[in-house]
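All remarks here apply to the structure that follows.
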Amino acid sequence: MFAQSVFRLRCACWLSAIGVLLLLGGCAEEPSTLERIQAEGTLRVVTRNSPATYFQDRNGETGFEYELVKRFADDLGLKLEIETADNLDELFSRLNQTNGPVLAAAGLVGSQGRQTQARFSSAYLEVTPQVVYRNGQQRPSRPGDLVDKRILVLKGSSHAEQLQALQQQIPELKFEESAAVEVVDLLRMVDEGQIDLTLVDSNELAMNQVYFPNVRVAFDLGDAQHLGWAVAPGEDTSLLDEINAFIARAHENGSLQRLKQRYYGHVDVLGYVGAYTFAKHLQQRLPRYEAFFRQAAQTHGVDWRLLAAMGYQESLWQPTATSKTGVRGLMMLTLRTAQAMGVSDRLDPRQSIEGGAKYIVWVKNQLPESIQEPDRTWFALAAYNVGGGHLEDARKLTEAEGLDPNKWLDVQKILPRLSQKQWYSKTRYGYARGGEPVHFVRNIRRYYDILTWVTQPQLEGTQLADSSLHVPGIDKRKPAENPPL
Ligand code: GLU
């Protein structure tokens, strides 16, 4: 008995010793990049501070690249640490530093010239390089038209590389590069006539078009290109494999598509003309009413940019707007609503905005408790547009379908049924133009998103812009003073 226990004990000792040896053996081997990151628990990412990549908004860090890379870090159970490089050369040199960031997520084209500086993941976005000019100038339509123009692009960018390649065919072509600007600055310079042309990616233009009413696309220069994340050159593919698997999943489960739609969908939704019309109105009309929106927002505890977005959807910020159905004013109130909200003159923009703010808050308070933010805001807008009764009908139909009546994503799918007899005949309030609130909410969310970007307080520690309306630049920003909805 005793001998047997000793034998077992010895076996156990030996086994543990072998285990330790195996472990040690394992440790002796260099850990892969991925293993090292996992041991550290932090994913260090370098990016550019720009509206299309990474910036601070009222809720903190945001941006297309940020959101995507945050999901990647979350999937791996890692803490995300973002650093920004001042220009593209610096970005690549940081990526190549020992103990530097392990990944660059910055709207980068995996171009030929970059192959010695980085390895690129598979594509998460397809973009087209676009030559951009100022409205009113002669529109260039082919590469030969770039000669004798003042062209400025980002230093070290895929575009500088493209133009260099083009110089082989067109030796007279000249262009300048700058490390001191960002894409928004290039577009601003075209908009203001400081340079003739620039070359930017279609996604960056889509995002920024709304800020620059004079900027127009001249033509696409070359074929579509792919944006990818970059890692340092080398043999170790552990991180790159993980990134590629993540990107493949994001393509498959639709999350990438949704993210693209949110960040770059403005031009799709507004239309190209709508985007620059919005930009024009943003500069010319909104400043006249901004103070009223802010005042009403403060009185009623809502975000002023939501009210402004509603006002744009309703009247394009025109105080004397009227419709055949009898709604009037900047917020297009019906006579009944106006009276109920204490508005005596619907064409007075201050009163109209005040009435609209009071009304949306009232509508929101009527909604069932079960609808939580942020959906609660979208439901309130839908009810504002189509009426609470119809919305309730749509929620019942949604539930009957086995979907969630408290989620806007589900209810918006069902709302258009209110205009089909087979469905509305079963509802309490009957026929409604159910597609309308869906567009209404979608548009307002777009305008709201745009307004959120445009009104970010900028320049932490330095001077704040005089007006809260400005185009986002490349500066560090602090979160906005307005609370989220
Ligand atoms: N995609 C560009 C690049 O890879 C940077 C952004 C831009 O210039 O539009 O260099």
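The values are calculated or read from the model by the stated rules, or taken from the named source; none is laboratory data. Please read all numbers here as calculations on a predicted model, not as lab measurements. So basically every Cβ, Gly included, is an ideal-geometry build from the backbone, and we count neighbours across all protein chains shown.
Details
- The criterion of at least 2 residues that are surrounded by fewer than 18 Cβ atoms within 10 Å (Cβ to Cβ) and modelled with pLDDT under 95 is met, among helices (runs of 4 or more DSSP H) falling completely within the stretch 312-423, by 335-340, 388-400, 408-414.
- Residue within the stretch 230-244 that is over 21 Å from the mean Cα position of the chain (by Cα) and within 16 Å of the ligand (Cβ to nearest atom) present: yes
- Candidate set: the stretch 198-210, residues that are under 28 Å from ASP148 (Cβ atoms) and assigned to a helix (DSSP H, G or I); chosen: the one nearest to the ligand (Cβ to nearest atom): GLU204
- Pairs where the first residue, in the stretch 130-145, is farther than 16 Å from ASP201 by Cα and surrounded by fewer than 20 Cβ atoms within 10 Å (Cβ to Cβ) and the second is modelled with pLDDT under 95 and not basic (Lys, Arg), C-beta under 8 Å, 6+ apart: ASN135/PRO213; ASN135/ASN214; ASN135/VAL215; GLY136/ASN214
- Selection over the stretch 170-197 of residues that are in contact with a Gly (Cβ under 9 Å, 6 or more places away or on another chain) and within 16 Å of the ligand (Cβ to nearest atom) gives a count of 7.
- Within the stretch 170-186, residues that are more than 16 Å from GLY107 (Cβ to Cβ) have Cβ atoms under 6 Å from residues that are within 13 Å of the ligand (Cβ to nearest atom) and part of a loop (DSSP other than H, G, I, E, B) in these pairs: GLU177/LYS155; SER178/LYS155; ALA179/ASN87; ALA179/LYS155, counting only partners at least 6 apart in sequence or on another chain.
- Selection status of ASP241, part of a helix (DSSP H, G or I), surrounded by fewer than 17 Cβ atoms within 10 Å (Cβ to Cβ) and acidic (Asp, Glu): yes
- Subset of the stretch 157-169 (residues that are away from the ligand (no atom under 11 Å from the Cβ) and under 16 Å from VAL131 (Cα atoms)): LEU163, GLN164, ALA165, LEU166, GLN167
- Within the stretch 149-175, the set of residues being aliphatic (A, V, I, L, M), in a loop (DSSP other than H, G, I, E, B) and in contact with a strand residue (DSSP E or B) (Cβ under 9 Å, 6 or more places away or on another chain) comprises just one member, LEU173.
- Filter result for LEU154 (within 11 Å of the ligand (Cβ to nearest atom), more than 24 Å from ARG94 (Cβ to Cβ) and under 25 Å from the mean Cα position of the chain (by Cα)): no
- Helices (runs of 4 or more DSSP H) wholly inside the stretch 1-94 containing at least 1 residues that are modelled with pLDDT under 80: 2-28
- Evaluated against (1) within 10 Å of the ligand (Cβ to nearest atom); (2) within 22 Å of the chain's Cα centre (by Cα); (3) not polar (S, T, N, Q), ALA123 falls short on exactly one condition, (1).
- Of all residues in the stretch 126-148 being modelled with pLDDT under 95 and assigned to a strand (DSSP E or B), the one that is nearest to the ligand (Cβ to nearest atom): VAL127
- Among residues of the stretch 369-402, those that are under 30 Å from the mean Cα position of the chain (by Cα) and more than 17 Å from VAL441 (Cβ to Cβ), counted: 2
- With respect to the conditions (1) in a helix (DSSP H, G or I); (2) among the small types (Gly, Ala, Ser); (3) within 12 Å of the ligand (Cβ to nearest atom), ALA104 falls short on a single one, namely (1).
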